[in-house]
1. Would you pick out the residues in the range A:82-109 that are over 12 Å from the mean Cα position of the chain (by Cα) and in contact (Cβ under 8 Å) with a residue 60 or more places away in the chain?
2. Scan the range B:11-20 and tell me whether some residue there is in a helix (DSSP H, G or I), in contact with a helix residue (DSSP H, G or I) (Cβ under 7 Å, 6 or more places away or on another chain) and on the phi < 0 side of the Ramachandran plot.
3. Looking at A:Ala95, A:Ala43, can you tell me which residue is of a type in the set (Gly, Ala, Ser) and either more than 16 Å from DNA strand C (Cβ to nearest atom) or out of contact with any helix residue (DSSP H, G or I) (no Cβ under 8 Å at 6 or more places or on another chain) (or both)?
4. Of all helices (runs of 4 or more DSSP H) completely enclosed by the range A:133-193, which ones contain at least 3 residues that are buried (at least 23 other Cβ atoms within 10 Å of the Cβ) and at the interface with chain B (Cβ under 9 Å from one of its Cβ atoms)?
5. If I filter the range B:40-51 down to residues being in a helix (DSSP H, G or I) and farther than 13 Å from B:Glu22 by Cβ, which single residue comes out as nearest to DNA strand D (Cβ to nearest atom)?
6. With respect to B:Val117, is the statement that it is out of contact with any Leu (no Cβ under 8 Å at 6 or more places or on another chain) and not in a loop (DSSP other than H, G, I, E, B) true?
7. Let me spell it out: the conditions are (1) more than 7 Å from chain B (Cβ to nearest Cβ); (2) more than 19 Å from B:Gln185 (Cβ to Cβ), and A:Asp113 meets all of them except one. Which number is the exception?
8. Within the range A:49-59, does at least one residue satisfy the condition of being of a type in the set (Val, Ile, Thr) and either within 20 Å of the chain's Cα centre (by Cα) or modelled with pLDDT under 90 (or both)?
There are 2 protein chains.
Amino acid sequence: MSDDRRVETTETAPPTGREAVERAALEMFEEQGYAGTSVRAIAGAAGVDPALVIRWFGSKEELFLRVLTLTEKPVPDLSGPRETLGERLVAFALAPGQRDVRRDLTALVRASDSSSVRSRLRQITRTLFVERLVERLDGPNAELRAHLIASQLGGLLQSWDVAEDQNVAAASRDRIVSLYGAALQVLIDPPVK
Amino acid sequence: MSDDRRVETTETAPPTGREAVERAALEMFEEQGYAGTSVRAIAGAAGVDPALVIRWFGSKEELFLRVLTLTEKPVPDLSGPRETLGERLVAFALAPGQRDVRRDLTALVRASDSSSVRSRLRQITRTLFVERLVERLDGPNAELRAHLIASQLGGLLQSWDVAEDQNVAAASRDRIVSLYGAALQVLIDPPVK
DNA sequence: GTCTATATACCGATAGAC
DNA sequence: GTCTATCGGTATATAGAC
């Protein structure tokens with residue numbers, strides 16, 4: 001009575017208890033943030049008892065960290081000509097298809113009062129971005145430059161999110177890709193001095 | 001019975017009721033963030049009744065917004081040679097003396113689940129930085145470039161804060177000033193293309 | 001073992017007495 | 001104006017039913 005109940009959990013299956021909680025939690029954390037989402041609301045959306053959520057996942061924060069890993073989200077493609085990598089990174093970050101990634105990062109940043117969340121942010125930046133990017137950088141201080149490029153992208157995402165269709169977001173995406181891409185490119189290319 | 005009670009509220013005076021609440025609130029919001037600070041704790045530190053805090057300021061969020069305006073904090077000096085403005089902006093942002101400003105901005109970003117807080121962040125960026133910087137920028141898209149420079153600085157501050165003496169923060173400040181300053185400079189100088 | 005129901009302790013905010 | 005008492009909400013932990 002255990003083995004063959006779920007054949008393939010790719011999609012469309014009515015989620016079982018724990019999985020229903022994880023899906024509801026991810027959606028609500030993305031939508032309303034950590035503080036704005038209660039364990040009761042998650043449990044209600046998943047159709048389980050609130051106490052079970054704590055029972056299964058330990059705490060609200062553990063559930064948050066379990067669900068916001070970004071591991072199943074796409075990562076930027078770092079291959080291709082290095083001369084235009086800056087522009088392509090900006091275009092990737094602002095692409096409509098990456099909205100979920102942006103919302104996840106926003107939720108993590110806004111919950112970063114917790115040191116566990118800050119640690120998770122460092123881990124995501126390092127493993128999903130810096131470690132891959134540093135392989136493509138020549139010249140001195142490659143790792144520091146990769147971290148600073150990550151900082152640039154993080155700042156852009158934050159402004160994009162705070163702007164809410166004003167100022168920055170009102171400008172055409174193409175202009176931002178061109179301008180901000182050039183600023184990234186300075187740290188991609190080996191320093192001249 | 002009203003006019004001459006407080007002669008000068010510059011400094012050192014034992015803060016009266018409302019002012020004691022504002023000072024305690026600012027310090028605790030900077031230190032522990034919005035969610036980590038309770039109205040009860042603020043009232044306790046200020047020596048007043050918790051209910052009075054709500055009575056005087058309306059709500060916890062209104063008190064937060066009233067206190068986190070950055071209006072009394074120093075602003076970056078935008079005068080001087082424009083060729084080195086990028087480096088000077090980075091040096092200003094990371095200067096030990098600007099720690100309070102960084103903490104205020106961090107507290108605002110982490111509370112930006114609220115649209116009122118996002119609006120305050122936009123206002124601060126615009127009036128304290130973009131409007132002043134745009135006067136020093138030549139070439140097309142000056143306002144957009146100023147906003148993007150603000151994004152770069154915001155991203156650096158966020159990384160600096162999340163890093164916590166690891167990675168980015170471990171590198172020497174001078175190297176960051178040089179590298180990241182050059183990236184800012186690309187948006188300060190008029191675009192070549 | 002798995003889940004239900006309940007208990008504790010805190011929060012922001014309010015009503016109403018003084 | 002000030003403060004006591006309290007309301008409805010939260011997260012978390014536990015006792016006990018199945």
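The values are calculated or read from the model by the stated rules, or taken from the named source; none is laboratory data. Being a predicted model, the structure only gives us computed values, none of them experimental. Neighbour counts are summed over all protein chains in view; Cβ atoms, including those assigned to glycine, are modelled from backbone coordinates with ideal geometry.
1. Within the range A:82-109, A:Arg82, A:Glu83, A:Thr84, A:Leu85, A:Gly86, A:Glu87, A:Arg88, A:Leu89, A:Val90, A:Ala91, A:Leu94 qualify.
2. Checked against the condition, which is being in a helix (DSSP H, G or I), in contact with a helix residue (DSSP H, G or I) (Cβ under 7 Å, 6 or more places away or on another chain) and on the phi < 0 side of the Ramachandran plot, the range B:11-20 yields at least one hit.
3. A:Ala95
4. A:142-163, A:173-188
5. B:Ala51
6. So B:Val117 fails the test.
7. (1)
8. no
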